[in-house]
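> Please see the structure below; I have some questions.
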């Protein structure tokens, strides 16, 4: 992933519900991006802390995706299926965000 002057924020997208390693995967992706010089990284694991349901978390994350104009998406590739991540990526594509893939196991 190349760092762009225009790209102010990166949103991490990946499997959470079906992924037993989601905290580690998101933390690893966050740390790699931070080391690469990105400072504004939106992590849904942190964004959704304290929320009780998948619906509440998705509503909050989709609201964030819909409100930002200058956003890149770091797609965390795992072997786990994720309806939420698929929905995030569909919306990101529809809004014209750049999507980058990041493999984490």
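> Being buried (at least 19 other Cβ atoms within 10 Å of the Cβ) and in contact with a strand residue (DSSP E or B) (Cβ under 6 Å, 6 or more places away or on another chain) is the filter here, so list the residues in the range 42-74 that pass it.
Once the filter is applied, which keeps residues that are buried (at least 19 other Cβ atoms within 10 Å of the Cβ) and in contact with a strand residue (DSSP E or B) (Cβ under 6 Å, 6 or more places away or on another chain), the range 42-74 yields 42, 71, 72, 73, 74.
> Also, quick follow-up: Go through the range 32-47 and report how many residues are farther than 17 Å from residue 99 by Cβ and modelled with pLDDT of 95 or more.
Going through the range 32-47 one residue at a time, the tally reaches 3.
> Name the residues in the range 86-105 that are touching a helix residue (DSSP H, G or I) at 6+ places or on another chain (Cβ under 9 Å) and closer than 15 Å to residue 29 by Cβ, would you?
Those that are touching a helix residue (DSSP H, G or I) at 6+ places or on another chain (Cβ under 9 Å) and closer than 15 Å to residue 29 by Cβ: 88, 99, 102, 104, 105.
> Next question. Wholly within the range 23-105, which helices (runs of 4 or more DSSP H) include no fewer than the required count, namely at least 1 residues that are in contact (Cβ under 8 Å) with a residue 60 or more places away in the chain?
Correct list: 83-94.
The values are calculated or read from the model by the stated rules, or taken from the named source; none is laboratory data. Values in this document were obtained by computation on a predicted structure and should not be read as measured data. All Cβ positions, glycine included, derive from the backbone under ideal geometry; neighbour counts span all protein chains shown.
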